[in-house]
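Since the structure comes first, as structure tokens, the remarks are kept for the end.
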Amino acid sequence: TYIVNEKCIKCKYTDCVEVCPVDCFYEGENMLVIHPDECIDCGVCEPECPPEAILPDTEPAAEKWLALNAEYADIWPNI
Ligand code: SF4
């Protein structure tokens, strides 16, 4: 799965949401997250993110964000 990290906070772009083929982005007050059970790992959102906040969970920097993306995707509304 791909995850969203803190670089998304207060970003106003939703280019990632537009390209996602399975609509697995969820939105809170300040940022978006990706539902890890719904993401099909296609990778098309990664280059579309202006602040480079999206990365695969295989990156070491993504580790702590995976649990938060999963947690918030269950609470926040789908966008
Ligand atoms: Fe959606 Fe593909 Fe990005 Fe996963 S990797 S969030 S399926 S666009």
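The values are calculated or read from the model by the stated rules, or taken from the named source; none is laboratory data. What you see is a predicted model, and the numbers here were worked out from it, not measured in a lab. Backbone-built Cβ (ideal geometry, glycine too); neighbour counts: all protein chains shown. Note: areas computed on protein heavy atoms with side chains; ligands, DNA, RNA excluded. Shrake-Rupley method; radii C 1.70, N 1.55, O 1.52, S 1.80 Å.
Table for the structure above
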quantity	calculated
Unique match (being under 19 Å from GLU71 (Cβ atoms), out of contact with any Ser or Thr (no Cβ under 6 Å at 6 or more places or on another chain), surrounded by fewer than 15 Cβ atoms within 10 Å (Cβ to Cβ) and of a type in the set (Val, Ile, Thr)) among ILE34, ILE3, ILE9, ILE54	ILE9
Of all residues in segment 31-48 being more than 9 Å from the ligand (Cβ to nearest atom) and among the hydrophobic types (A, V, I, L, M, F, W, C), the one that is farthest from ASN78 (Cα to Cα)	MET31
Looking only at segment 12-58, and only at residues there that are of a type in the set (Ser, Thr, Tyr) and within 12 Å of the chain's Cα centre (by Cα), the one that is nearest to THR1 (Cα to Cα)	TYR26
Neighbours by Cβ (under 8 Å, 6+ apart or cross-chain): first from segment 55-73, under 14 Å from GLU38 (Cβ atoms); second open to solvent by 70 Å² or more (accessible area, probe 1.4 Å) and part of a helix (DSSP H, G or I)	ASP57/GLU63
Count of segment 31-52 residues which are assigned to a helix (DSSP H, G or I) and touching a residue at least 40 places away in the same chain (Cβ under 8 Å)	1
Qualifying residues in segment 21-30 (those that are open to solvent by 20 Å² or more (accessible area, probe 1.4 Å) and in contact (Cβ under 8 Å) with a residue 24 or more places away in the chain) - the one farthest from the ligand (Cβ to nearest atom)	GLU27
